[in-house]
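The values are calculated or read from the model by the stated rules, or taken from the named source; none is laboratory data. As the structure is a prediction and not an experimental result, all values here were calculated from the model. Every residue, glycine as well, gets a Cβ built from its backbone with ideal geometry; the counts of neighbours run over all protein chains shown.
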Amino acid sequence: MTATPSPFGPSGRRRTAQAAARLAAAGALLAGCASDGSQSALNPKSPDAALIAQLWWWFLGVSAVVLAVVVLVLAVGLLRGRGAQGARPLPESRRWALVVSGGIVAPAVAILGIVVSGLWIGRETGARPTPPDVTVEVAGKLWWWEVRYRDAQGGLIATTANEIHLPVGRMVRLLLLSDNVIHSFWVPNLDGKTDMIPGQVNELWFAPGEAGTYRGQCAELCGVQHALMGFLVVATEPAEFEAWLAHQARPAAEPEGALARRGREVFQQSCARCHTVRGTAARGGQGPDLTHLAGRRTLAAATIPNTRGHLGGWIADPQSIKPGNLMPGFALDPPDLHALLAYLEQLE
Amino acid sequence: MDTRSTVDVAGFSRFAANRHPLWWGVLWLIMIELTVVSAFIVSYFYLMRSAEAWPPAGIEPPPLLWPSVNLALLLASMVTMWWASWGLNRDNRAVLIAGLSLSLLFHCTVLALRWREMQLFGFKWSDHAYGSIVWTITGFHFTHIASAIVGTAVVLVLAIRGYFNPERQLAVVVDTLYWYFVSAAWVPFYLTLYWAPRLL
Amino acid sequence: MTLTDRTFDPGAPAVRDDPEETRRLEETWRSPSGPVGWFMPVNQRIIGRRFIVTAFVFFLLAGALGLLIRLQLAVPENSLLGPELYNQIVTTHGTTMMFLFAIPVVEGFAIFMAPMMIGSRDMAFPRLNAFGYYVYLIGGVAFFGSLFVGLAPAAGWFNYVPLANKEFSPGLGVGIWTTMITFIEVSALTAAVELIVTILKLRAPGMSLNRMPLFVWSVLVMAFMILFAMPTIIVASLLLILDRLVDTKFFIVEAGGEPLLWQHLFWFFGHPEVYIILVPALGVISSVITTFTGRPIFGYTALVVSLVATGFISFGLWVHHMFATGLPQLGLSFFMAASAMIAIPNGVQVFCWLASLWGAKIRLATPMLWVLGFFVIFVIGGLTGVMVASIPFDLQVHGTFFLVAHFHYVLIGGAVFPLIGGLYYWYPKMTGRLMSERLGKWSFWLAFLGFNLTFFPMHQLGMEGMPRRIYTYIDGLGWEGMNLLATAGSVVLALGFLLTAFNFWVSMRRGRPAGDDPWGAPTLEWRTSSPPAPYNHRHVAVVHGRYPLWQEREAGRREVVIGLRSDRREMVVTSILDAEPQSVQVLPGPTIWPFVSAVAASTGFIGILVSPIFFVIGFFLAFFSFVGWLWPRRPWRED
Ligand code: HEA
Ligand code: HEA
Ligand code: CUA
Ligand SMILES: [Cu+2]
C-alpha cells in the first residue's frame, strides 16, 4: 500500500506500568469473564449464534471427558508399573479392547456426532427464507466498511459506513463484497464469519435476536490496519430501524450558522475528494460516506468514540491513531478546524 | 559378542542399472514432476471453470496442426530412444548413437516448432488469465524439452567416446527414463491446451 | 514372547575385525577438514547434524520473534511494534517455524538416524543430500535476513492473494517469500527422494518392511507426503512470482484471475505439511516408548497402518482451511467428515502407546518426560482440531486466537515436544555424551507449564472474539487479562526451551560419556560407536527381527555381511519388500560440486527478485553444474 507506517502504535498511552497490576488481575479474570461480551461468541444474540454456542459447550464437555480418560489411563498405567513387582502389562486382549474402544469406537461416535450436528446446525444457520426482510451490501475497504442498504428491487436506499443498523427479529441478508483484498465479516454475537473475496459475492443470513450494540471485526489479514478494522452492529426494534433508515436515506441538512457554513467550505476544499456528503458537492469515494457522520457512535472503523475531541484528533493526525491508514493528516488552522468540526457535528 | 558372516556380497554387481538406486531416484523425480504437471492442469481447468468465456471473447483456441505434429514427433522420439537402449543392451554402439541422435533431432525440431508457435500466439501472458496459463504451461514444457536435450547430448558425447557398454549403462537408462517422461508429458498438455477449449 | 529368532545360522563362519581394514575403512569414509573441507563432506551424519543444528538455530530465532509478538500483545494499544513491523514479524515467525525449523529438523533427524537405523553406511545420493543442505542454508538465511533490513514479507505465512499481489504488497517482501520458499522446498524434495530410495533400497539384509523400526516407517510416510505435497506450493509460488514479475494475471480478478486458486494450491500442500511435521515426531515417540519400557511396542501393524492412513487422508482435507470462503455447502460437508475422520488413525496410535505404557517398568528419563508431555498437549490440540472440523463451529473460531491455540498445541505438543525428547534420546549417539538429566527435567517442567499458560488462554480469547494477526486491540473488550497471562507464560516457556539449548551446549564438553548404547535400545543405530565412526557400521548387520539389538543380546551372537570393499564407499542394495541383498552401490566421496551447484541455483533464485531472466540463467547454470558433478572421472574405473 501507499501507506507509510509510523513507528508509533495507536496512541502510546497505557504501558508496562499497568502490566503488573494486570497480571495480578489475570488470575481472577480466568474464572469470570470481565468483558461486557459485546464481541463474544459466548454471548450469543441470535438464533444462529446460540446454536453454535450450544455446540461449543457440547464440544467442551465431551473433550474434557476424552482428555480425562486419556490422562487417567496414562496415569494409572504408569503407576501400575512402579511397584517392586516388575512390569504388569495388560493381557493382549485387554490391550486390543483399549485400542479399539478408545482409538476407533470413541472417535467414530464423536465423528458421527460432529457430522450430524454440523450438517444440522449448518442447515439451520445457513437457512435462506426468501425473500429476506432486509438486504444490506457490505463492502470491505482498506480498512473500513462501506454499508449500502438495498430495497427489494436492488435499488440503493442509503449508504453509510462502519455502523450497520438492523431490525430485531427480522431475517437479514448481507451481501459481502470486496474490490481490493480479502476481508472477513464477523460479528461473533450474531453469526459465524464469511469472507469477502474480490470477484465473488458471498451471502450471510441471520436474524438479530435482541436489541443491543455488538462489535464486529475483520477476521482475515488484509494489510497494515487489519487490526483496527472494526464496526458496530446496532440491533433495534423494527420501527426504530425503519425511522433510522429513512433518515439515512435523506441527504445532509443545510448547515446552520456561519461557523458551520464556513466548515462546509473547508470540507469542500480538503475532504471532498475522498468523502461523500450527500446533498453537497462532496462526492469522493475513497473514504467513508460522512453524510450522517454525527449519528455514528464511533470513528475510524470502531476504533475511537465519536466525540468532538477524538474527531478533531483524527482529522489532525489520523496516522497516530491508525498508523498506515489511507487518510492523510490535515494541519488546519485552528479556526478552520473549529469550523469543520462544527459542520461535521451537524451531520446528524 | 560372537560375530558370524551369513551374507557375502563380494561377487555382487556394482552396476546393476535397473535396480540401481539412481534409477529409483529418477523415478521419484518424475513423480514430483508429474505432480507439477497435474497442478498446472488443475489450475488451467480451475481458471477455465471460473471464466465467463474461455478463451476470452475475441480469441480463438490455438490452431491444431503444429501441436499435433509435435505430438507425433515426441511419440516418435520415445521409440527412437527405446531403440538406442535396445542397441546398447546388445553392445551395438552404432545403434546407440543413431538412436540418441535421432531422438535429439526430433526434440530439436519440436523445440523449433514450438518457438514458431509461440511467436504466433495472438495474445500475451499479461493480457488475461487465459494467456497467463497457456504461456506458462508452454514455457514449462519448452524448458523441459530443452533440458532433456542437454542431458541427452551429454549422454551422446559419452556414447561417442565409448563410455557405455551393456554392463555400464546407468546414465543411459536414467536419461531414457526422463526422456520418456518429458515426451509423454506433452499428451495431457496437448489435450488440455488444444482440445479442452474446443470440447468443453 | 521371546525375542530370539530361530533363523540364526549356527554354522556360519566367524568374523574378526582386522585393524588394518578398519583403518582403511575409516580412511575411505572420512570427510575432509579445514575451511575448504567444510564445503565438501557428503556423509549423511554430517549433513543430518547440520540440518538439525541449523534448524534449531532458526527455532530460537523464530521463538524470539514469538516472544516479541507476545510482548506486543501483552497490553492493549501497545506501541512496542508498529503494524507493518508486527505483520512482518508474525509472517516471519510462522514461515520460519514451518519451513525453516519444523520441516528441516524432522528431515535432519531422518537423515541422521534413519540410515543408521536401517544398518546403512550412508544414503543413496550423498551429494544430493549435501546440495539440499546448502540450498536450505542459503534460502533460510536470505529469508530470515530480510527481516533485519525491513524487507520481510507481511502477508502471513500462507501469503493469500490479492494481499500478496504486487498492487497491495509492492515491496520485495512477498518476492522473497515466494522465491525462498520455493528454494527451500527444493531442498525438502531432494531430501524426500533421498530418504525414500535409501529406506526402500539400502536396508540391512533381512530387514523386511515389517521389521523396519517405526521411526523409519514414519520417515518413509513423511517423505512420500513431501513428494506429493510440495510440488503444488512450488507451482503456486511460481504463478505468484510470474504475476509479480512479468504481469501474468493468475490472481488478478479484473483480468480473469482467481484468488481462490491460490488458496486451493496452498492448502493442498499446507494441510499435508502439518502432518509432514507431525508424522516423524510420532515415530520418535514409538522409538522412545519402546526403549524406555524395555519391551516391544504394542500394535506395530496398527501403528504402521495408522501412519500410512494419516498420510493418505491428509491429502483430502485441504478445504477445511477454507470453510469461510463461501464454497458450496455440499462440498464443504465432505471435507468436514474427512477432517473428523483423521481422529481415528490418531486415536489408534495414542491408544496403542497407552497400551504399551500400561503397567510397564518405565524409566522416567528426560526423553520419556517429553513424550509424556506430548500425550496431554497433543490430545488437547487434537480435540480442538476435531472441533474446528465442524463447519458451523469453525465459522466462529476461524481466523481467531482459538486457531492459534489449536495449532500451537498440535505443533508444539505434537511435534516439538517429541522432537526435543528425541534430541535428549539421540544426543549421546550424536556426541558421545549424555545431556544433563537435571537440566533436562527443569527444562521440561518449565516448558510444559509455560506452554499451557501461554496457549490455553488463547482458546478463551478466540471465543471472545479476538482475531489473529492483529498488532493491537482496543481497550475494554475484555481481552486484557488473558493476553497478559499468555505473555507471562511465554516467558516461562522460553526459559524452558533455553535451558535445553544451554544443556545442549554445555553437555557437548561436560556431559557424562555415554557409551555405545546408554539406554539399552533395540535398534541398529545403537550398534555403532558413540559418536559413530565415519563408516557408521563396522559390519553391516544381518537382521532377524524388529528388535535386532535385543535379539543379539539375548542370543549372545550376531550376523553380518562381508565382502564390501574397504578402499571405496560401498553399500549393500537390497530388495524393497524383503531386503534380500541384490547388488552393491558404489558411492562418491567428498566433493565441492554440490556447493557450487547450490550457489549456481541460488544465483537464479535470488536474481529472480531482480529480473525474470535469472530464472533461465539459474536453470542452466545449475544444470551445467549438475553435469559437472555427475561427469564420470577419468580414468573410467574398470571394475
Ligand atoms: C502438527 C500440526 C497439526 C496437527 C497434528 C493438526 C491436527 C488436526 N487439525 Fe489442525 N492445523 C494446524 C496444524 C495441525 N493440525 C495448523 C498449523 C493450522 C492452521 C494453519 C493456519 O491457519 O495458519 C491448522 C488448522 C486446522 C483447521 C482449519 C481451521 C481454520 O482455519 O478455520 C482444521 C479444520 O478442520 C484443523 C483440523 C485438524 C484436525 C481434525 C486434526 C486431527 O489430526 C487431530 C486428531 C487427533 C486427535 C483427535 C487426538 C487423539 C485422539 C484421541 C485421543 C482419540 C479420541 C478422540 C475423540 C473421541 C475425538 N486444523
Ligand atoms: C512449529 C511451529 C511454531 C512454534 C514452535 C511456535 C512457537 C511460538 N509461537 Fe507461534 N506461530 C506459528 C508456528 C509456531 N509458533 C505459526 C505457523 C503461526 C501463524 C503465523 C501467521 O499467522 O502467519 C504462529 C503465530 C503465532 C502467534 C499469533 C500471532 C498473531 O496471529 O497475531 C503467536 C502469538 O502469541 C505466537 C506465539 C508463539 C510463542 C510465544 C511461541 C513459543 O513457543 C516460543 C518459545 C520461545 C523460544 C523458543 C525462544 C527462546 C529464545 C530466546 C529467548 C532468545 C535467544 C535467541 C537466540 C539465541 C538467537 N505464534
Ligand atoms: Cu480487513 Cu482484515
Ligand atoms: Cu489442515
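Restricting attention to helices (runs of 4 or more DSSP H) lying wholly within region C:388-455, give those where 2 or more residues are within 24 Å of the chain's Cα centre (by Cα) and under 20 Å from C:Trp353 (Cβ atoms).
It comes to C:417-431.
Show the residue pairs that are 6+ apart or on different chains and have beta-carbon atoms under 6 Å apart, the first residue being within region C:266-281 and touching a residue at least 40 places away in the same chain (Cβ under 8 Å), the second being aromatic (Phe, Trp, Tyr) and within 9 Å of ligand 4 (Cβ to nearest atom).
From residues that are touching a residue at least 40 places away in the same chain (Cβ under 8 Å), the pairs are C:Trp267/C:Trp318; C:Phe268/C:Trp318; C:His271/C:Trp318.
Looking at region C:567-599, which of its residues are under 19 Å from C:Pro41 (Cβ atoms), polar (S, T, N, Q) and within 12 Å of another protein chain (Cβ to nearest Cβ)?
C:Gln585 - this is the single residue of region C:567-599 that is under 19 Å from C:Pro41 (Cβ atoms), polar (S, T, N, Q) and within 12 Å of another protein chain (Cβ to nearest Cβ).
Being closer than 20 Å to B:Ser5 by Cα and part of a loop (DSSP other than H, G, I, E, B) is the filter here; which residues of region C:530-549 pass it?
Hits for region C:530-549 are C:Tyr535, C:His537, C:Arg538, C:His539, C:Val540, C:Val543, C:His544, C:Gly545, C:Arg546, C:Tyr547.
Go through (1) part of a loop (DSSP other than H, G, I, E, B); (2) within 27 Å of A:Asp151 (Cα to Cα) and name the single condition A:Gly216 misses.
Only one criterion is unmet by A:Gly216, namely (1).
All but one of (1) over 20 Å from C:Val397 (Cα atoms); (2) more than 7 Å from chain C (Cβ to nearest Cβ); (3) surrounded by fewer than 24 Cβ atoms within 10 Å (Cβ to Cβ) hold for A:Phe206; state the number of the condition that does not hold.
All conditions pass for A:Phe206, except number (1).
Any idea which of A:Ala246, A:Ala282 is free of Cβ contacts under 8 Å to residues at least 60 places away in the same chain and in contact with a Phe, Trp or Tyr (Cβ under 7 Å, 6 or more places away or on another chain)?
A:Ala282
If a residue must be among the small types (Gly, Ala, Ser) and either part of a strand (DSSP E or B) or in contact with a Ser or Thr (Cβ under 7 Å, 6 or more places away or on another chain) (or both), how many such residues does region C:550-608 contain?
6
For residues that are within 16 Å of ligand 1 (Cβ to nearest atom) and more than 10 Å from every other protein chain (Cβ to nearest Cβ), scanning just region C:160-187, find the one that is nearest to C:Ile277 (Cα to Cα).
Looking at the filtered set, the residue picked out is C:Ile181.
Just wondering, is there one or more residues in region C:338-353 that are within 16 Å of ligand 2 (Cβ to nearest atom) and either part of a helix (DSSP H, G or I) or within 20 Å of C:Gln263 (Cα to Cα) (or both)?
no
Is it true that some residue in region C:241-261 is crowded, with 24+ Cβ neighbours inside 10 Å, within 13 Å of another protein chain (Cβ to nearest Cβ) and within 16 Å of ligand 4 (Cβ to nearest atom)?
No, there is no match, as no residue in region C:241-261 is crowded, with 24+ Cβ neighbours inside 10 Å, within 13 Å of another protein chain (Cβ to nearest Cβ) and within 16 Å of ligand 4 (Cβ to nearest atom).
Being at pLDDT below 95 and either away from ligand 2 (no atom under 15 Å from the Cβ) or within 11 Å of chain A (Cβ to nearest Cβ) (or both) is true for just one of C:Met387, C:Met430. Which residue is that?
Unique residue meeting the criteria: C:Met430.
State all residues of region A:130-149 that are within 14 Å of chain C (Cβ to nearest Cβ) and either within 16 Å of ligand 1 (Cβ to nearest atom) or outside any strand (DSSP E or B) (or both); if no residue qualifies, say none.
Those that are within 14 Å of chain C (Cβ to nearest Cβ) and either within 16 Å of ligand 1 (Cβ to nearest atom) or outside any strand (DSSP E or B) (or both): A:Lys141, A:Leu142, A:Trp143.
So, in region C:290-332, of the ones that are under 15 Å from C:Val216 (Cα atoms) and within 13 Å of ligand 1 (Cβ to nearest atom), which residue ends up nearest to the other protein chains (Cβ to nearest Cβ)?
C:Ser306
Quick one: which residue in C:Ser314, C:Ser306, C:Ser356 is more than 16 Å from ligand 2 (Cβ to nearest atom), within 21 Å of the chain's Cα centre (by Cα) and closer than 30 Å to C:Gly520 by Cβ?
Residue meeting the stated conditions: C:Ser306.
Out of A:Val100, A:Val116, which single residue is among the hydrophobic types (A, V, I, L, M, F, W, C), outside any loop (DSSP other than H, G, I, E, B) and closer than 29 Å to A:Ala49 by Cβ?
A:Val116
Where residues in region C:138-159 are more than 16 Å from ligand 2 (Cβ to nearest atom) and either assigned to a helix (DSSP H, G or I) or under 23 Å from the mean Cα position of the chain (by Cα) (or both), which of them is farthest from the other protein chains (Cβ to nearest Cβ)?
Filtering first and then ranking leaves C:Ala142.
How many residues are farther than 26 Å from C:Val284 by Cα, more than 11 Å from ligand 2 (Cβ to nearest atom) and crowded, with 22+ Cβ neighbours inside 10 Å if we restrict to region C:84-112?
Count: 1.
Checking C:Val572 against (1) closer than 17 Å to C:Met123 by Cβ; (2) hydrophobic (A, V, I, L, M, F, W, C); (3) buried (at least 21 other Cβ atoms within 10 Å of the Cβ); (4) out of contact with any strand residue (DSSP E or B) (no Cβ under 7 Å at 6 or more places or on another chain): exactly one of these is not met. Which one?
(4)
Return yes or no: is C:Phe298 surrounded by 22 or more Cβ atoms within 10 Å (Cβ to Cβ), more than 16 Å from ligand 2 (Cβ to nearest atom) and farther than 22 Å from C:Pro518 by Cβ?
Yes.
Among the listed residues C:Trp267, C:Trp217, identify the single one that is more than 25 Å from C:Ala521 (Cβ to Cβ) and away from chain B (no Cβ under 12 Å).
C:Trp267
Go through C:Gly294, C:Gly299, C:Gly256 for me and flag whichever is free of Cβ contacts under 8 Å to residues at least 24 places away in the same chain and over 23 Å from C:Val388 (Cα atoms).
C:Gly256
Can you work out which of the residues in region C:437-479 that are among the small types (Gly, Ala, Ser) and surrounded by fewer than 21 Cβ atoms within 10 Å (Cβ to Cβ) is farthest from the other protein chains (Cβ to nearest Cβ)?
Going through the qualifying residues, I end up with C:Gly450.
List every residue pair whose Cβ atoms sit under 6 Å apart, with the two residues 6 or more apart in sequence or on different chains, where the first one lies in region B:160-183 and is without any contact (Cβ under 8 Å) to a residue 24 or more places away in the chain and the second, anywhere, is assigned to a helix (DSSP H, G or I).
That search, which allows pairs on different chains as well, returns B:Ala171/B:Val155.
Starting from region C:606-625, take each residue that is touching a residue at least 40 places away in the same chain (Cβ under 8 Å) and away from chain B (no Cβ under 12 Å) and list its partners that are among the small types (Gly, Ala, Ser) and in a helix (DSSP H, G or I), counting only C-beta distances under 6 angstrom and pairs at least six apart or across chains.
Between residues of region C:606-625 that are touching a residue at least 40 places away in the same chain (Cβ under 8 Å) and away from chain B (no Cβ under 12 Å) and residues that are among the small types (Gly, Ala, Ser) and in a helix (DSSP H, G or I), the close pairs are C:Leu609/C:Gly175.
Yes/no matrix, rows are residues, columns are (1) under 29 Å from the mean Cα position of the chain (by Cα); (2) of a type in the set (Asp, Glu); (3) assigned to a helix (DSSP H, G or I):
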residue	(1), (2), (3)
C:Pro32	yes, no, no
C:Arg49	yes, no, yes
C:Ile52	yes, no, yes
C:Leu80	no, no, no
C:Ala102	yes, no, yes
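Of a type in the set (S, T, N, Q), crowded, with 23+ Cβ neighbours inside 10 Å and closer than 23 Å to C:Pro170 by Cβ, is that true of C:Thr293?
no
Check region C:344-361 and report whether any residue there is within 10 Å of chain A (Cβ to nearest Cβ), within 11 Å of ligand 1 (Cβ to nearest atom) and over 28 Å from C:Phe448 (Cβ atoms).
No, the conditions are met nowhere in region C:344-361.
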